[in-house]
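Inspection log for the structure reproduced underneath, given as structure tokens.
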Amino acid sequence: MIANYHTHTFRCNHATGTEREYIEHAILGGLEVLGFADHAPMPFEGEYYSGFRMKLQETEDYVCTLRSLQKEYAKDIRILIGFEAEYYPAVFPRFLEFIEPYDIDYLLLGQHALYNEEGAPMCGAPTEDPRLLSQYIAQVKEGLSTGKFLYHAHPDMMRFVGDPQEYQKQMTDYCRFCKERNIPLEINLLGLMDNRWYPNKNFWEIAGAVGNCGIIGCDAHRADVLSNMQLHSQGEQWAKNFAIPLLSNLL
Ligand SMILES: [Zn+2]
Ligand SMILES: [Zn+2]
């Protein structure tokens, strides 16, 4: 593994450690590219704000801190600055406007909730409702169609526990959509490490059959996963098991 684009910071309220610790571990782990993509600030309408993302007013510090470390570590590692963002149709244009002045390097699509988040189902809440699965797929397709995202992080985040044939049908359609557009799908090491419902074997079987490209994302919420070679090779093994060709250097 030589590049990881999925790294968080303490600003999302559920990651620990300093940026410097993440960078040091990435170097230790032999990474040549380390992309930070913390949970994006989101200019929601009204009073609502989510607890799992940085506040709007923290954006400046996030970007400035990383810019300065980027210079300091220029000889050792290439640091990139991005965000992991959902596609929320009502918020997205305002979001793009908000981040525009920061001139960031990339966005990852990481869809954690449906619709516009406020009052909407979380993607990780188990559901048997095929309409919620359809909504997820329609929404991530629309997001990816904006051309603003580098890849789809944990594409198998939607926790559908209903009819397997329905899952097969809808996800095959989704994987074909990504294949036609050369959109890489992420094998998420956080999910692998924590034994979460993703990476989902059924999803990756479909992706393998469709012929999608994959990329490994650490989804680091603590620094040591960046130097955890055993975990990295677990991700590579996952790709092998499902015949997913891995991309490594996207930027
Ligand atoms: Zn997170
Ligand atoms: Zn993440």
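Structure above, values below:
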| quantity | calculated |
| --- | --- |
| Under 15 Å from the residue 209 label point (7 Å along Cα→beta-carbon), backbone N, the range 167-188 | 167-177 |
| Residue-span extension gain [residue 129 to residue 165] - 0.36 nm each, minus C-alpha spacing | 11.7 nm |
| Phi to ³J(HN,Hα) by Karplus 6.51 cos²θ - 1.76 cosθ + 1.60 over the range 69-75, Hz, x for Gly, Pro | 5, 4, 5, 4, 9, 3, 6 |
| Chain lengthening between residue 182 and residue 138 when straightened (0.36 nm per residue, less Cα-Cα) | 14.1 nm |
| Principal axis dimensions, largest first and in whole angstrom, of the range 11-129 by Cα | 48, 34, 20 |
| Per-residue HN-Hα couplings for the range 115-122 [Karplus 6.51, -1.76, 1.60; θ = phi - 60°; Hz; x = Gly/Pro] | 6, 10, 6, 4, x, 9, x, 6 |
| For residue 215, residues with placed amide H under 5 Å, excluding near neighbours | 185, 186, 187, 247 |
| Ratio of Rg to Rh over the range 3-247 (Cα coordinates, Kirkwood Rh, two decimals) | 0.95 |
| Candidates 64, 123, 175: whichever shows maximal mean-square fluctuation once the chain is modelled as a Gaussian network with Cα springs under 10 Å | 64 |
| Candidates 193, 54, 122: whichever shows maximal mean-square fluctuation once the chain is modelled as a Gaussian network with Cα springs under 10 Å | 193 |
| Heavy-atom accessible area per residue - the range 3-247, 1.4 Å, Å² | 43 Å² |
| GluC sites (Glu not before Pro) lying in DSSP loop within the range 95-196, provided at most 14 other Cβ fall within 10 Å | 128 |
| Computed accessible area, residue 65, all protein chains, 1.4 angstrom probe, square angstrom | 40 Å² |
| Highest-fluctuation residue, 55, 148, 75 considered, GNM on the chain with Cα pairs under 10 Å | 75 |
| Long-range amide H partners of residue 35 with built H, under 5 Å | 4, 5, 6, 80 |
| Nearest-20 debye value, the range 3-247 charge dipole, Cβ charges on Lys, Arg, Asp, Glu | 540 debye |
| Whole-Hz couplings from phi, Karplus 6.51/-1.76/1.60, listed for the range 19-25; x for Gly and Pro | 4, 4, 4, 4, 5, 4, 5 |
| Carbon + sulfur, % of accessible area of the chain - ligands and nucleic acids excluded, 1.4 Å | 49 percent |
| Segment residue 241-residue 72, length gained on full extension (0.36 nm per residue, minus Cα span) | 56.9 nm |
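The values are calculated or read from the model by the stated rules, or taken from the named source; none is laboratory data. The structure presented is a predicted model; accordingly, all values stated were derived computationally and were not measured. Using ideal geometry, Cβ is built from the backbone for each residue, glycine included, and neighbour counts are taken over all protein chains shown. Side chains included, ligands, DNA and RNA excluded: accessible areas come from the protein's heavy atoms. Shrake-Rupley method; radii C 1.70, N 1.55, O 1.52, S 1.80 Å.
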